[in-house]
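Read the structure below first, then the notes.
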Amino acid sequence: MQISLYDDLRVANIVAKVGRWNEVDVLYFADSLGNMNPTSVANIVNIIKSRSDLEIGFHAHNNMGLALANCNSAIQLGVSWIDATIQGMGRGAGNLATEILLADLSSDCSQKYKTNEVNYLALGEFSKLKAFHLWGHNFLYHLGAKLNIHPTYIQNILTQHRNDKKVLIK
């Protein structure tokens with residue numbers, strides 16, 4: 001969680017410690033502030049690979065609109081577990097959208113999945129849910145990510161001041 005706030009040495013020490021546990025199959029890292037970019041994702045993956053032989057997983061939030069680019073960077077470096085949700089469903093700015101990931105994958109990989117069914121879900125019921133619950137990338141989540149502000153704080157502002165745009169930009 002919030003791995004973007006950790007320096008390289010702290011990440012390396014945590015990975016080495018977790019690598020000694022026998023119960024772990026996959027070591028996940030999460031961009032829970034949604035403020036990483038492909039370069040910072042690559043840096044974390046390389047640190048993990050240098051300290052552990054565990055499979056690697058990545059959970060990307062889309063606060064800055066970079067979830068897909070960040071996951072592509074992770075995939076290119078051999079990360080084998082990528083989290084995604086239909087329509088990017090998740091708190092605040094949400095996660096990587098499954099339908100976008102599937103559309104972006106190579107045809108060999110995307111043929112393994114029932115993309116039409118995923119797309120129908122995304123364009124149908126999940127589109128309505130997204131509109132109702134207001135998750136997804138927007139300016140305030142983007143700005144919050146740049147300033148290391150937790151998405152819950154932004155979500156509270158959006159909920160409490162839904163109709164007062166002047167409060168949102170002060």
First in the range 14-27 and touching a residue at least 12 places away in the same chain (Cβ under 8 Å) and among the hydrophobic types (A, V, I, L, M, F, W, C), second anywhere and part of a helix (DSSP H, G or I) and open to solvent by 100 Å² or more (accessible area, probe 1.4 Å), Cβ under 7 Å, 6 or more apart: 15/51; 16/51
Filtered residues of the range 34-57 (kept if touching a Leu at 6+ places or on another chain (Cβ under 9 Å), part of a loop (DSSP other than H, G, I, E, B) and surrounded by fewer than 24 Cβ atoms within 10 Å (Cβ to Cβ)): 35, 37, 52, 54
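Please verify whether the range 96-119 includes one or more residues that are part of a helix (DSSP H, G or I), closer than 20 Å to residue 146 by Cβ and touching a Ser or Thr at 6+ places or on another chain (Cβ under 9 Å). Steps first, please.
Keep residues of the range 96-119 that are part of a helix (DSSP H, G or I), which gives 98-104, 107-110, 115-119.
Restricting the remaining residues to those that are closer than 20 Å to residue 146 by Cβ gives none.
No: zero hits.
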Which numbered condition residue 16 misses (of (1) assigned to a loop (DSSP other than H, G, I, E, B); (2) more than 29 Å from residue 147 (Cβ to Cβ); (3) at pLDDT below 95; (4) among the small types (Gly, Ala, Ser)): (1)
Where residue 60 falls short, out of the listed (1) open to solvent by 10 Å² or more (accessible area, probe 1.4 Å); (2) under 21 Å from residue 92 (Cβ atoms); (3) not in a helix (DSSP H, G or I): (1)
Residue check for residue 170: modelled with pLDDT of 85 or more, open to solvent by 80 Å² or more (accessible area, probe 1.4 Å) and either in a helix (DSSP H, G or I) or farther than 21 Å from residue 58 by Cα (or both): no
All positions within the range 80-95 that are in a loop (DSSP other than H, G, I, E, B), in contact (Cβ under 8 Å) with a residue 24 or more places away in the chain and either open to solvent by less than 70 Å² (accessible area, probe 1.4 Å) or more than 21 Å from residue 129 (Cα to Cα) (or both): 80, 83, 90, 92, 93, 94
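The values are calculated or read from the model by the stated rules, or taken from the named source; none is laboratory data. Values in this document were obtained by computation on a predicted structure and should not be read as measured data. We place every Cβ from the backbone using ideal geometry, glycine too, and count neighbours over all the protein chains shown. All accessible areas refer to the heavy atoms of the entire protein, side chains included, with ligands and DNA or RNA removed. Shrake-Rupley method; radii C 1.70, N 1.55, O 1.52, S 1.80 Å.
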